[in-house]
1. Between a residue in segment 35-57 that is farther than 16 Å from Thr201 by Cβ and any residue that is exposed (fewer than 12 other Cβ atoms within 10 Å of the Cβ), which pairs come within a Cβ distance under 9 Å, given they are 6 or more apart or on different chains?
2. Take the residues in segment 102-146 that are aliphatic (A, V, I, L, M) and in contact (Cβ under 8 Å) with a residue 40 or more places away in the chain; name whichever of them is nearest to Val162 (Cα to Cα).
3. Condition first: surrounded by 16 or more Cβ atoms within 10 Å (Cβ to Cβ) and either among the hydroxyl-bearing types (Ser, Thr, Tyr) or in contact (Cβ under 8 Å) with a residue 40 or more places away in the chain (or both). Now tell me which residues in segment 65-95 satisfy that.
4. Evaluate the following for Glu348: is it at pLDDT 70 or above, surrounded by fewer than 16 Cβ atoms within 10 Å (Cβ to Cβ), in contact with an Asp or Glu (Cβ under 9 Å, 6 or more places away or on another chain) and over 21 Å from Ile221 (Cα atoms)?
5. Asn159 versus (1) among the polar types (S, T, N, Q); (2) within 24 Å of Ile265 (Cβ to Cβ); (3) over 13 Å from the mean Cα position of the chain (by Cα); (4) surrounded by fewer than 21 Cβ atoms within 10 Å (Cβ to Cβ): which is the lone unmet condition?
6. Quick one: which of Val194, Val233, Val203 is of a type in the set (A, V, I, L, M), surrounded by 15 or more Cβ atoms within 10 Å (Cβ to Cβ), farther than 19 Å from Ile173 by Cβ and over 12 Å from the mean Cα position of the chain (by Cα)?
Amino acid sequence: MRALSTPEEQRPAHQKHPLARMLVIGLIASVIGVLICLQIDWFPSQGSTQAEEIDTLYDVLMIVSVPIFVLVMTVAIYCVIAFRAKPGERGDGAHIHGNTKLEIVWVTIPFIIVASLAVYGWIVLDDIEAKQDGEIRVNVTGEQFAWSFDYPEQEVKSNELVLPVDQPIHFRIHAKDVLHSFWVPAFRMKQDAVPGLTTNTRVTPIEEGTFEVVCAELCGIGHATMRQQVRVVPEDEFEAWVQERREGGAAPEDGEDPVAAGRQIFTSTGCNACHTLADADSTSSVGPELTRLAQVAGDREPGTSAEEYVRESIIDPPAFVVEGYDGTTMPGNFGDQLTDEEIDTLVEYLLGVSQTEGGE
């Protein structure tokens, strides 16, 4: 006489060991997902000592997060496929009662994971923000739509950020008007600039070169163009730059190309972030285009030379506003940040380039 089969034997094959099947699928998918994520180059080059620790922390978060995401999606997809209602079925599913042990497990394990990551993140943050010996203090001011920098110990102010390599830097960050966020992607460190408050962040640049300074907080119509540059240079070159700033700035020396000197001032001070000028590879529409600046200067108040008009527009932007633009958008601190020699160089460069490009 044939023995009757048990309920377990009567179940379809895919329902006999669903947990084991889901775990195997989830494990394979997790390994593949983690390997793919670790192969992606998420960030630019590591330009500071803080960057390596932050990148490692990010990798750890990916290693932990990807398997959890994959596991949840694997269970969801498997259940949809394996336990979906068959054609013609109209009855209710099996009644499932709570499992206290399982509930304790799936609450305890996520708690331990999140708590561990929080402690690890706090350790990294405490380390990268620790005060260093021999720090150079740089006061950073954000305003629509430019950054300016003050080196109180060196008694230097500039619209260009220049830092010595392998030297700890302490940024004290302010905002004149609205919320901004000071961020150098290569350094990884990002800090909000809040009106009425002073925020702090520290970096130690380890790679020489030129890197972008951007605003990471939506701050107005020119937010996307609020970009300048930071130059990381050897210590002796930094000292030479400081001395040059003290003595009157970067006017062209004998034999130096005045166009190159003017272009350097135009880009380093962030003018290219708001104005169109083909010579500087800028196509922004936040401010008036400068390709025909010499022609626009002809619409100025009679009796004012083109040189005087351009100089006044740099120092006092609302003095003459081109139709269709808001004169309050441009920062009004260039007269304080740039020396007379630098302004003369910039005026000569802008008029020279605009006459060439505009066909005047």
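1. From segment 35-57, the pairs are Asp55/Trp42.
2. Filtering first and then ranking leaves Val140.
3. Pro67, Val70, Leu71, Thr74, Val75, Tyr78
4. no
5. Evaluating Asn159 over (1) among the polar types (S, T, N, Q); (2) within 24 Å of Ile265 (Cβ to Cβ); (3) over 13 Å from the mean Cα position of the chain (by Cα); (4) surrounded by fewer than 21 Cβ atoms within 10 Å (Cβ to Cβ) leaves (4) as the failure.
6. Exactly one residue qualifies, and that residue is Val233.
The values are calculated or read from the model by the stated rules, or taken from the named source; none is laboratory data. What you see is a predicted model; the values in this text were computed from it and never measured. Note: ideal-geometry Cβ built from the backbone for every residue, glycine included; neighbour counts use all protein chains shown.
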